[in-house]
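Asker: Questions regarding the structure given below will be posed in turn.
The values are calculated or read from the model by the stated rules, or taken from the named source; none is laboratory data. Predicted model, so just to flag it, every value in this text is computed and none were measured. When we count neighbours, we look across all protein chains shown, and the Cβ atoms used for this are built from the backbone with ideal geometry, even at glycine.
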Amino acid sequence: MNANEVIGNRCSQLAGKPIGSKEPVHPNDHVNMGQSSNDIIPTTIHVAVGEMLHKALLPALGELQTALEKKSTEFWDIIKIGRTHLMDATPVRLGQEFGGYATQIEYAGFRASNALAAVQELPLGGTAVGTGLNCHPDFPGIVMRHLASQTGIAFREARNHFEAQAAKDGLVQASGQLKTIAVSLFKIANDIRWLSSGPRCGIGEIRLPETQPGSSIMPGKVNPVICESVMQVCARVIGNDATVTWAAANGNFELNVMMPVLADAILESIKLLANVCNVFREKCVVGIQANVARCNELVEYSMAMVTSLAPIIGYDKAAEIAKESAKTGKTVREICREKQVLPEAELAKALDPVEMTKPGGEGAAGG
């Protein structure tokens, strides 16, 4: 009603009439003609969500995907140790890891598109309870064409106005997609944070751009604040999804009165995700550098290198070498040379970390 009154009063001003005169445009008879708050408000929520997805989140995800793909190419020749269960595993290319992150964001883009599709049906035309009382039957279609023209989004009239006004399932679906995007971003940011840990006593396989001093008490300390800000945004988006879910579940009969908090939560999620994708790309991803020496050091020192020997000398003998490596601190290669497990050329081939990163390479499957 307030919007109707503002529009009506503005029309009065333009016509030279006093504010509140309701002349020549009446807020109810004219501005609100063929409409009800009960179909207009959910329509505006869908349009706002759709526009923010289309104009903000989808482009931001696309640019982040491109940045990660470039890093995958840049890091392709760098071999590092893989990790499963937070323990050393067989070697992997740093470029393969970043290629995995890029594909996660590619899929995030698909999910954002699915979220957009979930809000393209609009309840406009159902008026008070979905029956369309006092609304001209051509009105929704005319508005849909104008909306599509202005936004570039193929909005359409709801197939069933009773579902469209009573339920908020499309927004729940869209929010669920946003939550999944947040989960992907959290995982990527957390991995990158851990890979950069150190600089001397952590993993330290990559270096992040320095964005700010990290400690008021420890001079020279620099923290991975961009990654940590991404993770906090993701936590908020995951929480917002719970709000959207609970608000949608609390609809009653022909109307959901919790649309305001639902709208606030989902719109905030889109805005936060779009902004944090841009910040993550600009202030972190594009400036990531590989610490090649550290990657090589950890590969050679890892007991998991013995995995490629298992098909050649057997699992039990390979396990004995791993245990001796753990006990003595010697590398797998050093122990194999001492015990003359294989001729030097054959050993070099079996322990070549590059070969271990190729599909079908030496080694047995494991976790």
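Asker: Looking at the stretch 13-24, I want the residues that are in a loop (DSSP other than H, G, I, E, B) and have a partner that is of a type in the set (Lys, Arg) with Cβ atoms under 8 Å, at least 6 apart or on another chain. Which pairs are those?
Answerer: GLU23/LYS17; PRO24/LYS17
Asker: What tally of residues in the stretch 45-59 results from selecting those that are of a type in the set (A, V, I, L, M) and surrounded by fewer than 24 Cβ atoms within 10 Å (Cβ to Cβ)?
Answerer: Counting residues in the stretch 45-59 that are of a type in the set (A, V, I, L, M) and surrounded by fewer than 24 Cβ atoms within 10 Å (Cβ to Cβ) gives 6.
Asker: Within the stretch 269-282, track down each residue that is buried (at least 17 other Cβ atoms within 10 Å of the Cβ) and of a type outside the set (A, V, I, L, M, F, W, C).
Answerer: Matches in the stretch 269-282: SER269, ARG281.
Asker: Please state which one of LYS330, LYS323 is outside any helix (DSSP H, G or I) and over 18 Å from MET356 (Cβ atoms).
Answerer: Selected residue: LYS330, the only one of LYS330, LYS323 that is outside any helix (DSSP H, G or I) and over 18 Å from MET356 (Cβ atoms).
Asker: Given the structure, is ILE19 at negative phi and surrounded by 18 or more Cβ atoms within 10 Å (Cβ to Cβ)?
Answerer: Against the criterion (at negative phi and surrounded by 18 or more Cβ atoms within 10 Å (Cβ to Cβ)), ILE19 does not qualify.
Asker: So which pairs qualify, if the first residue must be in the stretch 235-248 and of a type in the set (Ser, Thr, Tyr) and modelled with pLDDT of 95 or more, the second must be in a helix (DSSP H, G or I) and surrounded by 22 or more Cβ atoms within 10 Å (Cβ to Cβ), the Cβ gap must be under 6 Å, and the two must be at least 6 apart or on different chains?
Answerer: The qualifying pairs are THR243/ALA265.
Asker: Report whether or not THR127 is in contact with a Gly (Cβ under 8 Å, 6 or more places away or on another chain), of a type in the set (Val, Ile, Thr) and over 28 Å from TRP246 (Cα atoms).
Answerer: Here the answer is no, as THR127 does not meet what is asked.
Asker: Which residue is surrounded by the fewest Cβ atoms within 10 Å (Cβ to Cβ), if the candidates are limited to the stretch 196-213 and must be within 26 Å of the chain's Cα centre (by Cα) and more than 19 Å from ARG83 (Cβ to Cβ)?
Answerer: Looking at the filtered set, the residue picked out is GLN212.
Asker: Being part of a loop (DSSP other than H, G, I, E, B) and within 19 Å of CYS234 (Cβ to Cβ) is the filter here; which residues of the stretch 156-196 pass it?
Answerer: Result: SER196, single match.
Asker: Could you check the stretch 249-269 and list, in sequence order, the residues that are free of Cβ contacts under 8 Å to residues at least 40 places away in the same chain and among the aliphatic types (A, V, I, L, M)?
Answerer: Hits for the stretch 249-269 are ALA249, VAL257, MET258, VAL261.
Asker: Quick one: in the stretch 1-30, of everything that is closer than 25 Å to LEU262 by Cβ and modelled with pLDDT of 95 or more, which residue is farthest from the chain's Cα centre (by Cα)?
Answerer: GLU5
Asker: Restricting to the stretch 86-133, what's the tally of residues that are farther than 30 Å from LEU195 by Cα and either surrounded by fewer than 18 Cβ atoms within 10 Å (Cβ to Cβ) or out of contact with any Asp or Glu (no Cβ under 7 Å at 6 or more places or on another chain) (or both)?
Answerer: Residues that pass the stated criteria total 14.
Asker: Then there's this: Let me confirm something: among VAL119, VAL143, which residue is in contact (Cβ under 8 Å) with a residue 24 or more places away in the chain and among the hydrophobic types (A, V, I, L, M, F, W, C)?
Answerer: VAL119
Asker: Mind telling me which of the residues ALA182, ALA154, ALA189, ALA167 ends up being under 23 Å from ASN38 (Cβ atoms) and of a type in the set (A, V, I, L, M, F, W, C)?
Answerer: Sole residue among the options that is under 23 Å from ASN38 (Cβ atoms) and of a type in the set (A, V, I, L, M, F, W, C): ALA167.
Asker: Now for a separate question. Residue under question is GLN35, and the condition is that it be outside any helix (DSSP H, G or I) and touching a helix residue (DSSP H, G or I) at 6+ places or on another chain (Cβ under 9 Å); does it hold?
Answerer: Answer is yes for this residue.
Asker: Across the stretch 206-258, which residue is nearest to VAL292 (Cα to Cα) among those that are assigned to a loop (DSSP other than H, G, I, E, B) and in contact with a Ser or Thr (Cβ under 7 Å, 6 or more places away or on another chain)?
Answerer: It comes out as LEU208.
Asker: Of VAL292, VAL306, which residue is surrounded by fewer than 18 Cβ atoms within 10 Å (Cβ to Cβ), among the hydrophobic types (A, V, I, L, M, F, W, C) and in contact (Cβ under 8 Å) with a residue 12 or more places away in the chain?
Answerer: VAL292 is the lone residue from the list that is surrounded by fewer than 18 Cβ atoms within 10 Å (Cβ to Cβ), among the hydrophobic types (A, V, I, L, M, F, W, C) and in contact (Cβ under 8 Å) with a residue 12 or more places away in the chain.
Asker: Given the options GLN65, GLN35, name the one that is among the polar types (S, T, N, Q), at pLDDT 95 or above and surrounded by 18 or more Cβ atoms within 10 Å (Cβ to Cβ).
Answerer: One residue alone meets the criteria, GLN65.
Asker: Another question about this same structure. Return the residues of the stretch 240-275 that are within 17 Å of the chain's Cα centre (by Cα) and farther than 14 Å from LYS179 by Cα; say none if nothing qualifies.
Answerer: Hit for the stretch 240-275 is ASN275, nothing else.
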